[in-house]
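The values are calculated or read from the model by the stated rules, or taken from the named source; none is laboratory data. Bear in mind that the values here come from a model prediction, so they are computed numbers and not experimental data. Quick reminder, even Gly has a Cβ in these numbers, built from the backbone with ideal geometry, and neighbours come from all protein chains shown.
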């Protein structure tokens, strides 16, 4: 059943208010609840139409209205459709941006190596904020529910959850409201055992769904598989006699290929960004995390794409590198990365 936008908003307001209070909903309440700026008389007329359509009912004379099963069905279908559309739009946008971002990061790494005659590295952005933004549960079939969890920074995780039997529209609606009301806006680490137990009590027989949703959200935070590091100019090492020794150079290049040492530099750089608002970090000689790089220096900068998404750009060279020039180049790159990404 297709409803005009105004009728849909009034029906949604009635359902939401009734779910919150358990009391029949009057026109005066709806006039304060919606953004339509309609008079109580106009809302009463629309509510009469909704009642004739079998979407709301009046439990007794002089009372407000409550949703019927048909009203609940339209509300739930509309909510799930809007949620799926939002997730699909977000997914398409993120995939498009991800493709553009990877190409851009590779180009930036090459540009830095060419312009400095040092070796460069740049990491893909990581989520430094882990607040839950949105949760959507959708019934797939009688025994499966799809959970879509979106974290700040628009990281999406899908999880198929096994259920013992099909949830009714009202049960699905209540689970969505229960999870979003309690979890949205919270960092993962702020979800305490007490809160989980409270949500489980309210979830009744569907406690396993609560467990699986929270596990999926936590998995996004601890998942480091998405960290990619792009490098360029490794052969520039041989330009500098103090690094050109065959054994030393091969160890440095090996570290570049394996990316573990570079990953630790990225993690440390991102962690120290909170204490150093310039975003610039300089590691000299023995301050380097790997023995193979004790004759090197690394200058890193943290770029910030917003939404908790941060990454690291780094220049690796001899301890006698031109620090002033390198810092200037990295500061410029930090600004340009944000501008290019937003385009």
Does segment 139-185 hold any residues that are outside any strand (DSSP E or B), farther than 30 Å from residue 69 by Cα and touching a helix residue (DSSP H, G or I) at 6+ places or on another chain (Cβ under 8 Å), and which are they? 154
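Considering only segment 218-225, I want to know if a residue exists there that is surrounded by 13 or more Cβ atoms within 10 Å (Cβ to Cβ) and at pLDDT 85 or above.
For segment 218-225, residues surrounded by 13 or more Cβ atoms within 10 Å (Cβ to Cβ) and at pLDDT 85 or above: absent.
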What's the total number of residues in segment 170-191 that are buried (at least 17 other Cβ atoms within 10 Å of the Cβ) and touching a residue at least 60 places away in the same chain (Cβ under 8 Å)? 4
Suppose we keep only residues that are exposed (fewer than 13 other Cβ atoms within 10 Å of the Cβ) and at pLDDT 70 or above within segment 265-286. Which one would you say is nearest to residue 323 (Cα to Cα)? 285
Given 304, 322, 338, 295, which one is over 21 Å from residue 114 (Cα atoms) and modelled with pLDDT of 80 or more? 295
Checked segment 1-27 for anything closer than 22 Å to residue 176 by Cβ, touching a residue at least 12 places away in the same chain (Cβ under 8 Å) and outside any helix (DSSP H, G or I); matches are 1, 3, 23, 25
Residue count, segment 21-59, condition under 22 Å from residue 170 (Cβ atoms) and exposed (fewer than 12 other Cβ atoms within 10 Å of the Cβ), comes to 3
Where residues in segment 142-153 are modelled with pLDDT under 80 and over 14 Å from residue 213 (Cα atoms), which of them is surrounded by the most Cβ atoms within 10 Å (Cβ to Cβ)? 153
